[in-house]
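Engineer: Below is one structure. I have some questions about it.
Read-outs: derived from the displayed coordinates by stated rules, not from any lab. It should be emphasised that the depicted structure is a prediction, and the values quoted were computed from it without experimental measurement. So basically every Cβ, Gly included, is an ideal-geometry build from the backbone, and we count neighbours across all protein chains shown.
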């Protein structure tokens, strides 16, 4: 799905990302974790081609990323950002409909509206249709934008890529897990998701592999059981931790302090 070789990103001659190398396969849910300032969101922005970078190789679905036309990319890839404007003068279903913009020139059709309703139902935002955006809580806005990116990737193209920057912000516990289940189902259809997460326990439970970032570099990229060790996490996060196993599913549980 993605092949990156020696990706670097500098601002004022300072590396914010340095020597990033990785290969991500289709059907994977990859969690990007690490302390504040490690480069997680910056890396996701590079994958989304939102900021300039230097690289020896960047292939998306076996083609150089520059091979794609601008109008093609939104059909293959969608990005969920952690920051959204609070001043959006649209109805809430119209915000979700923005995900369908790549598919029509003048007016949406019946299928577009059906897809919008489908994902508003799945993200439990359908009841918000007649409320204004300003009236919504932070968590409701998060789920609304999640519906928008899923709506964007509702098409017949195979092997789609979903980029999510801290999608669990402002969500209560139930909606955190429901959101990760939606993302997991998406990847189980041969799609791929790169997700920036702060909760290591949720990352351990849902991710196929983890990218642990530290000081603008990839500290380790592997399955959760190999990445999440007591020594490594205590050193990277600069805080002591203990690792045990969940009594039900045996996933790793990280306890800081």
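Engineer: Kindly put 96, 173 in sequence by how many other C-beta atoms sit within 10 Å of each C-beta, fewest to most.
Structural biologist: Final ranking by Cβ density, sparse to dense: 173, 96.
Engineer: So what's the angle, to the nearest 10 degrees on a 0 to 90 scale, between helix 173-187 and the longest Cα principal axis of the chain?
Structural biologist: Roughly 90 degrees, rounded to the nearest 10.
Engineer: What ranking do 138-148, 239-249 get when scored by the average of other Cβ atoms within 10 Å per residue, highest first?
Structural biologist: Per-residue mean Cβ counts within 10 Å order the peptides as 138-148, 239-249.
Engineer: For the peptides 152-165, 97-110, what is the packing order when you average, over each peptide's residues, the other Cβ atoms within 10 Å and list the highest mean first?
Structural biologist: Those peptides, ordered most packed to least, come out 152-165, 97-110.
Engineer: With angles folded into 0 to 90 degrees, how steeply does helix 138-152 sit against the dominant principal axis of the chain? Use alpha carbons for both and round to 10.
Structural biologist: Taking Cα atoms only, the helix is inclined about 70 degrees.
Engineer: Note down the relative contact order for the chain as a percent, whole number, built from C-alpha pairs under 8 angstrom at least six residues apart.
Structural biologist: Worked out over the chain, it gives 26 percent.
Engineer: Another one. Please report the antiparallel percentage of DSSP beta bridges with both residues in the chain, rounded to the nearest 5.
Structural biologist: DSSP beta bridges in the chain are roughly 60 percent antiparallel.
Engineer: Can you order the peptides 126-137, 62-73, 18-29 by their average number of other Cβ atoms within 10 Å per residue, highest first?
Structural biologist: Top of the packing list down: 18-29, 126-137, 62-73.
Engineer: Moving on. Could you list 204, 45 in order of exposure, starting from the residue whose Cβ has the fewest other Cβ atoms within 10 Å?
Structural biologist: 45, 204
Engineer: Find the centroid of the Cα atoms in the range 87-119 and in the range 156-217, then give the distance between the two in whole Å.
Structural biologist: Between the Cα centres of the range 87-119 and the range 156-217 lies a distance of 24 Å.
Engineer: Here's a follow-up. Looking at the range 49-193, send over the antiparallel percent of its DSSP beta bridges, to the nearest 5.
Structural biologist: 35 percent
Engineer: Counting helices only, and only those DSSP H runs with n ≥ 4, report the 222 nm mean residue ellipticity of the chain as the sum of -39,500 (n - 2.57) divided by its residues, in deg cm²/dmol to the nearest 500.
Structural biologist: Value at 222 nm, helices only, nearest 500: -8500 deg cm²/dmol.
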